[in-house]
Structure formats: C-alpha cells, structure tokens
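Peer 1: Got a structure for you, written out below as structure tokens; questions coming shortly.
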Amino acid sequence: TLGTQTDYRDGEAQTDPYSPEYVVPSGSVPELLTLATLTWGRGLPAGLAEVEMIERAREKRAWEATLPAMDNASQIVKRRKMMDDMERKEWAFREQEIEKLQEVRLEVLKKLLQRREKNQNELDAKRLDDHWQNHQQAKEEKIKKIQHDCALMLRKLIAKRKNVMGKLERRDIIKEYSDFASQTYAPLSRIGYFPDNHSERYMVKNFYLNTFAGLCELEASLPDSVTQVKIKAPKPKYTTTKTGFIKRSARLEVELAQVHQALLEKKNKVKEPKKPLRFLEKVEKPVPRPPTPSLEKPSIEEEETELAVICLQKLLRGRAIQNMMFEGKEKRLELIQELRTTHALQEDGQLLLKAEEQMTLALQQQHDLQMHKLSSVENHLARAEGRVLANILDFLSKELVRLQEERKIHAFVMLAERQRRMREAEESGRRQVEERRRREEEEIFRQAREGDCTIDSYLEDIILSSMENTAEEQAREEIQRMAVEINDVAYEMESRRTRLQSEEIVAELVYDFLIPEADKMSIREKVRQSQRKHIYAAHQILHRGIE
C-alpha cells in the first residue's frame, strides 16, 4: 500500500529477490508450484537447462495424464508397459547427460593441460633468457677486466721501454721543478705521500702581508711610478696614405657614420600632426616611467689608486710563490744532497744494489706465480661447486613441479570421485523414490481390490508415507547444506594451509587411500586365484557327467 523512491537499484541491495506468500485454492494445482525447488542462484534466473527441465516435466505430466486407469488386468499390463518405456527413455536421457558432462570435463582438462604446457614453455624461455643474460654479463665483465689489464701492462711496458738497459739516470731537479705535473708538486698517494695532510705548513706567513702596519710600510717603500699611473693620450689616426689615397678602414668608418646618422634622423623624425577628431575620445595617459638610476663618475685619483692596488697584489702573489719555492728547496736540501751523493757510489756498491734488486725481482716473480696457481685452483673449485649447485637446484625445482602436478591431479581425482558419488547417491535416491511410489500404487490398488482396508487405515498410510517423504526431503536438504558448508571449510583450509601441511595431507592420502586400495586389489586377486581352482574342478566334474 506504500511506495518508496530510492537512489539505489535492486541489484545493489545484495539480497535475494522477495518471494511473497501464496494460498492455493482447493482443487487446483498451478504449474508454477512445480518450480518451487528453484531458488535464486540455484536455477534462477532460468537458463537453457532449466527451460529443458520444465519442458520435460510438462511432457511427463502429459504422459501421466494419458496413463490408463487401473480398472482391469489388461489396463494394468498396458500401464506397466508404458511405465517401462518411460523409464528406459529417462535412463537414456540420463546417460546422455553423463556423457555431456564427461565431454565438458575432458575439454576443461585439455585446456588446463594446454595452459600448463604454455606456462612451462614461457618459464623455460624466460629461464634461457636469464641464463643468456648472465653469460653475456659475465662475458662483458671479463672483457672489461682484460682491457683494463691490457692497458695496465701497456703502461708498464712503456715505462720499462724508457729504460731498457736498466741504467741509473741522474735526477734532473730543474726539470722536475719546472714541470708542475712532476712528483715534486703532485706526488702520488701510492708512494705514501698525501698532499692534503698538513697543508697549513705551506701557507706563506709574512709581516708585510698579514698586518696592516706591514702593508702601510710596504706601500710607502714603493716608488711613485707604481702608485701613480701616467696615461698618455692616444695619437690621432691618419686616414690617408703617403700617396694621398684614402684607406679602406677610413672608408668603412665613413659609411658607418652615414648609416648611424640616417638611423638617428629616422629616430628623431617629427611626426605629422593628426587630423582633428570629429568626436571626443578618451586618451589614457601612460604610466610614468621610474627615474633612471645614474652612477657617479669615479675620479681620476680613485682609478689610479685602484690600478696601483691591483699591481701591488700581483707583486705580492709572485713574491709569495717565490718564498714557497725557496722554503721547499730549504726543507728538501738534505734529500737533494743525498741524491747527488748516490751517483758517486763505488762500483761494488752498485753491484750489491743490482744483486739485491735481482733477488727481489725473483722473489716477486715466484710470489706472483704462486698467487696465479692459487687463483686458478680457486676458479676450478668455484666452477665445480657452481655446476653441482646448479644440478641440485635444477633437480629440486623439477621435483617441486612434479609434486605440484601430482597434487593437482590428486585434487582432480578427488573432485571427480566426489561428484561420481554424489551422482550415484542422486540416482539411487531417484530409483528408490520411483520404486517406493510404484509399491505404494500397487499396494493401494491391491487394497482397493480386496476391500479389506478401511478409510482410517488408508488415510493413516497416506499420512505416514507423506511424513516419510517429507522427512527424507528434509534430510536430503540438510545433507546437501552440510556438504556445502564442509566444502567451504575445506576450500578455506586449502587456501590457508602451508607447504608442510600439504605434504602431510599428501602422505596421509597415500597411506590411507592408495596403499589400502593396493592391498584390497592384491587380496581380491588372491581370492580370485584361489576360487579359480574350485571353478576349474567343478567344470571338469560337470563335463565328465555330461559326457
């Protein structure tokens, strides 16, 4: 009686469609009540299979209406024959449905196998690409190392080639101090000298540079020619040569002057007055420009003072560099004298030094050879270990894939077995219902024929049978609901279980399913073998008696 308007669709409520209560008038059986077993999500909305089921139910009701009445024996025989034909048709239809389901399962299995093969091929290709990338990276690193070693050896060979005979050369101190890239100015860190340490000792400390009084005294000692710069006026340039011709530069200057004069005239050209306007127009005044900043021209004395200060700075910097060089020379005076005395050694001392050098080189070569042998042995061991580890990891990965495939196959087998049992249970339930219905009809017919049953007993039998049917339907619904709940719990456990739990489940299935099944098969084979002897003896006795 009331209506509401909302902003949401019925599908967004996430509830099953509403099914109102109904009342069936007495004496009428509406066809819609035959579809009461179909619910939302389980048959509704109806598809092709549900439509076919409804059509078969209509045909069956029409067939039941055409069944002959049970008045005499001939009608009963005809009725039984029609029921047998209908049962054959139903069994043929069920066999077709089973075949269709099997074909669908085969198609699903084929698709799964194809998908698994495709994934395996992609995994193999990716693995090969990674392996190739690793080899390429190792190859590039090895090439870089070889190039680096080659450049290092070339530098060593070039350094050795400069002094092939191994002669001692006298140190040229002047050349070292004149070359700013020599060891004197830029010593190498590998020799053990770090120029950044104690850098404050190279700073020039002078009274004339560090104090204001020293600077004033130094400035007073300088001549006037340094502090007072004299600028001579430039002489005018001659535009004509000795022969009276005008120079090319003079002609260019004249042309540039003419162009400049033309530009100035164009710029300063007075504009023509505008014609008087017929109508008044508003003329906006431009925004006044800010005043242009101007700089005061420095005086000649300040410029001369600035130039004098710059010249003084140059002189001070040059003097500081000279003092630095002189201090370095004084500090290394003993080293210079020692180097000068080394060239005056006797021949015996030189021979001893040469022998020690040869011995040191021999020991160094022997040490390098041992290190090379150790590195080669380590490389071989690392290669062997890598090969063994690669084989082990490959085997483990294959075993893992095999176990996963076995679990999938076992899961498919369990699912197929469960569906087979459910189908067998449904078929057995249908068969029992049909047999019970047939027995009930026969019993009703027999009791009606005999006339021994009363109306009370007849009604009591009907009530008991209806109660049994209702209880059986409720039990079947409860079993189906429990099976769905068990399936949900099993799927949730399947999603949460770990690898160790999966292995335990597989082991339990193997010990509880496969091994007992194998034992049963072996026991059946033994029983069959033992019975075969008795059957063979009975056949012989029968054949002898017949002969």
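The values are calculated or read from the model by the stated rules, or taken from the named source; none is laboratory data. Small disclaimer: the values here were computed from a predicted structure and weren't measured. Methodologically, a virtual Cβ is constructed for each residue, glycine included, from the backbone with ideal geometry; neighbour enumeration extends over all protein chains shown. For the accessible areas, the whole protein counts, side chains as well, though only heavy atoms, and no ligand, DNA or RNA atoms are used. Shrake-Rupley method; radii C 1.70, N 1.55, O 1.52, S 1.80 Å.
Peer 1: Within the stretch 281-306, can you find the residues that are in contact with a helix residue (DSSP H, G or I) (Cβ under 9 Å, 6 or more places away or on another chain) and not polar (S, T, N, Q)?
Peer 2: Here is the first cut: in the stretch 281-306, the residues in contact with a helix residue (DSSP H, G or I) (Cβ under 9 Å, 6 or more places away or on another chain) are 298, 304-305.
Result: 298, 304.
Peer 1: A follow-up question, please. Looking only at residues in the stretch 16-31 that are open to solvent by 80 Å² or more (accessible area, probe 1.4 Å) and touching a Phe, Trp or Tyr at 6+ places or on another chain (Cβ under 9 Å), which one is modelled with the lowest pLDDT?
Peer 2: Per the criteria, the residue is 16.
Peer 1: Looking at 359, 325, can you tell me which residue is open to solvent by less than 100 Å² (accessible area, probe 1.4 Å) and modelled with pLDDT of 80 or more?
Peer 2: Criteria check complete, one pass: 325.
Peer 1: Sticking with this one: Kindly establish whether residue 91 is part of a helix (DSSP H, G or I), at pLDDT 80 or above, aromatic (Phe, Trp, Tyr) and touching a helix residue (DSSP H, G or I) at 6+ places or on another chain (Cβ under 8 Å).
Peer 2: Considered against the rule, which asks whether it is part of a helix (DSSP H, G or I), at pLDDT 80 or above, aromatic (Phe, Trp, Tyr) and touching a helix residue (DSSP H, G or I) at 6+ places or on another chain (Cβ under 8 Å), residue 91 comes out as no.
Peer 1: What single numbered condition from (1) more than 30 Å from residue 471 (Cα to Cα); (2) open to solvent by 60 Å² or more (accessible area, probe 1.4 Å); (3) not hydrophobic (A, V, I, L, M, F, W, C) fails to hold for residue 399?
Peer 2: The one condition residue 399 does not meet is (2).
Peer 1: From the list 106, 112, 67, pick out the single residue that is assigned to a helix (DSSP H, G or I), among the hydrophobic types (A, V, I, L, M, F, W, C) and surrounded by 12 or more Cβ atoms within 10 Å (Cβ to Cβ).
Peer 2: Every option except 112 fails the conditions.
Peer 1: Please indicate, with yes or no, whether at least one residue in the stretch 47-63 is open to solvent by 80 Å² or more (accessible area, probe 1.4 Å), within 17 Å of residue 438 (Cβ to Cβ) and more than 58 Å from the chain's Cα centre (by Cα).
Peer 2: Looking for residues that are open to solvent by 80 Å² or more (accessible area, probe 1.4 Å), within 17 Å of residue 438 (Cβ to Cβ) and more than 58 Å from the chain's Cα centre (by Cα), one finds none in the stretch 47-63, hence no.
Peer 1: Shifting gears a bit: Scan the stretch 170-186 and report the pairs whose first residue is in contact (Cβ under 8 Å) with a residue 60 or more places away in the chain and whose second residue is among the polar types (S, T, N, Q) and surrounded by 10 or more Cβ atoms within 10 Å (Cβ to Cβ), with Cβ atoms within less than 8 Å and a gap of 6+ or a chain change.
Peer 2: Close Cβ pairs (under 8 Å, with a partner that is among the polar types (S, T, N, Q) and surrounded by 10 or more Cβ atoms within 10 Å (Cβ to Cβ)) amount to 177/184.
Peer 1: Of 390, 416, which residue is small (Gly, Ala, Ser), within 30 Å of residue 476 (Cα to Cα), open to solvent by less than 80 Å² (accessible area, probe 1.4 Å) and in a helix (DSSP H, G or I)?
Peer 2: On inspection, the qualifying residue turns out to be 416.
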